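Structure first, commentary second.
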Amino acid sequence: PREEVAYVTCTYRETGIDQPDFLATINLNPKSCNYGQVIHHLPMPNLKDELHSSGWSAGSTCFEDCTRARKKLILPSLISSRVYVVDVGTQSHAPRLCKMIEPVDIFWKCDKGYLNVPHALPNGDVLIANMGDPAGNGKGGFIVLDGESFELKGNWEKDCEVPPTGHDFWFQPRHNVLISSAGLVLKRAGPAFNPDDLHKGVFGRRLNVWNLSCRTLIQCFDLGEDSLPFSVRFLHNPDAAKGYVSCAMSGVIYRFFKNEARCWAVEEAIRIPPKKVRGWILPEMPGYHCSLLCLQCKRVHGGPYKMQLSLDGKRLYVTNSFCSSWDKQLYPDLVREGSVMLLIDVDTENGGLCVNKNFLVDFGKEACGPALARDIHFPCGDSTT
């Protein structure tokens, strides 16, 4: 079915407004009078959470169990390390908060913090990647929530070496593999971006391969000190033993795959050249960061970060906020004016992408001040879950 609403995680943090983060519900029905508008706000009950990524409590790998559905949305907090569970099944146009896991429970039980990407495991539990320990030092790995009660079960990985940092992950059950990317040491890099940190181990550079059933780390690839690998995606074909990881600083997309020896390998697939710029923090701007778009008299600052593709592959929705503190430093106009959500039409017959000039969600017009929009999900299902 065509998506009719989208849920977008948003924050006011670093805008000088003492307001909690919120989940915005966007109307995506083009026949509606409020198409492309925020139709519902769900504010969180705490301040300074930094909602970032989100994910469903049940993914496509859980659907051999016909009783499971996408009714709960998991919202980890990048800064506070709190986890919210939101009920979107009871009333899709007006979600409500149904559970909250406090940071102290995660600190004491898991010795983890700074939570990022959640995904539902094939057994129905929810896996959440973390970026550090409770003190903000680098520490990769995962925590697990029960898929029914959403109680904290503990750490996912068995007693083994964990990566020095963590960020995103995805898995292929038919190949018994989970691939995770590096992140950054938030204690050092969270408050601000410092180019000198590229040579000091602050930014992750590894791609990690895990045995999914044994929950152990089996291979690691060093992609270079200027890589900063972030988003990990397998091909949608569940039999495919390959996928891609994008690197924020180098503008490189790597392909990972199972080779003839049945081991995992990595090779460079795409390299987007940087742009020489003036008046920025670096003399060259990585290709992902560039934006020269103006839509409906609104200048789009920065570049796309979170993306979500419709199930028919014809509509790609994007937002342009990465992290409040980095946004403030790298793109002050973005923080001052608020971020946007755009729609890119995909020509699935002839190829090509085109920005839809009739769709613009301007989060700079929020009643409590400019907001920064992040992750996007559709209740009917989406391409990242």
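Output the number of residues of region 353-378 satisfying the condition of being within 19 Å of His236 (Cβ to Cβ) and open to solvent by 30 Å² or more (accessible area, probe 1.4 Å).
Residues meeting the conditions: 1.
Give me the residue from region 169-183 that is open to solvent by less than 10 Å² (accessible area, probe 1.4 Å) and part of a loop (DSSP other than H, G, I, E, B) and, out of that set, nearest to Asn211 (Cα to Cα).
Per the criteria, the residue is Ala182.
For residues that are of a type outside the set (Ser, Thr, Tyr) and in contact with a Gly (Cβ under 7 Å, 6 or more places away or on another chain), scanning just region 328-352, find the one that is surrounded by the fewest Cβ atoms within 10 Å (Cβ to Cβ).
Step one: list which residues in region 328-352 are of a type outside the set (Ser, Thr, Tyr), which gives 328-330, 332-338, 340-347, 349-352.
Adding the requirement that they be in contact with a Gly (Cβ under 7 Å, 6 or more places away or on another chain) leaves 334, 337-338, 346.
Details: Leu334: 23, Glu337: 18, Gly338: 23, Val346: 16.
Looking at the filtered set, the residue picked out is Val346.
Exactly one condition in (1) in a loop (DSSP other than H, G, I, E, B); (2) open to solvent by less than 40 Å² (accessible area, probe 1.4 Å); (3) in contact with a strand residue (DSSP E or B) (Cβ under 7 Å, 6 or more places away or on another chain) is not met by Gln308; state its number.
Of the numbered conditions (1) in a loop (DSSP other than H, G, I, E, B); (2) open to solvent by less than 40 Å² (accessible area, probe 1.4 Å); (3) in contact with a strand residue (DSSP E or B) (Cβ under 7 Å, 6 or more places away or on another chain), the odd one out for Gln308 is (1).
Quick one: count up the residues across region 336-354 that are within 13 Å of Arg315 (Cα to Cα), under 22 Å from the mean Cα position of the chain (by Cα) and β-branched (Val, Ile, Thr).
Number satisfying all stated conditions: 2.
Step by step: first the residues of region 189-205, then only those that are in contact with a Phe, Trp or Tyr (Cβ under 9 Å, 6 or more places away or on another chain) and assigned to a helix (DSSP H, G or I), then the one that is nearest to Gln329 (Cα to Cα). Which residue is that?
Top of the filtered list is Ala189.
Run down Glu64, Glu102, Glu50 and say which single residue is at pLDDT 95 or above and acidic (Asp, Glu). Talk me through it step by step, then tell me what you get.
Values: Glu64 fails: at pLDDT 95 or above; Glu50 fails: at pLDDT 95 or above.
Within the list Glu64, Glu102, Glu50, the selection yields Glu102.
Could you please find all residues in region 203-228 being out of contact with any Ser or Thr (no Cβ under 6 Å at 6 or more places or on another chain), surrounded by 22 or more Cβ atoms within 10 Å (Cβ to Cβ) and at pLDDT below 90?
Scanning region 203-228 gives Phe203, Leu228.
Looking at this structure, is Val232 outside any loop (DSSP other than H, G, I, E, B), more than 26 Å from Phe363 (Cα to Cα) and either of a type in the set (Phe, Trp, Tyr) or touching a Lys or Arg at 6+ places or on another chain (Cβ under 8 Å) (or both)?
No; evaluated as a whole, the condition is false for this residue.
How many residues does region 226-280 hold that are farther than 27 Å from His175 by Cα, in contact (Cβ under 8 Å) with a residue 24 or more places away in the chain and more than 22 Å from the chain's Cα centre (by Cα)?
The qualifying residues number 1.
Output the residues belonging to region 20-59 that are in a loop (DSSP other than H, G, I, E, B) and either closer than 26 Å to Asp125 by Cα or in contact with a helix residue (DSSP H, G or I) (Cβ under 7 Å, 6 or more places away or on another chain) (or both). Write out each step before concluding.
Initial filter on region 20-59 (in a loop (DSSP other than H, G, I, E, B)): 20-21, 28-37, 44-50, 52-54, 57-59.
Residues satisfying the conditions are Asp21, Met44, Pro45, Asn46, Asp49, Glu50, His52, Ser53, Ser54, Ser57, Ala58, Gly59.
The values are calculated or read from the model by the stated rules, or taken from the named source; none is laboratory data. Predicted model, so just to flag it, every value in this text is computed and none were measured. Cβ coordinates were reconstructed from backbone atoms using ideal geometry, including for glycine residues, and neighbour counts include every protein chain displayed. For the accessible areas, the whole protein counts, side chains as well, though only heavy atoms, and no ligand, DNA or RNA atoms are used. Shrake-Rupley method; radii C 1.70, N 1.55, O 1.52, S 1.80 Å.
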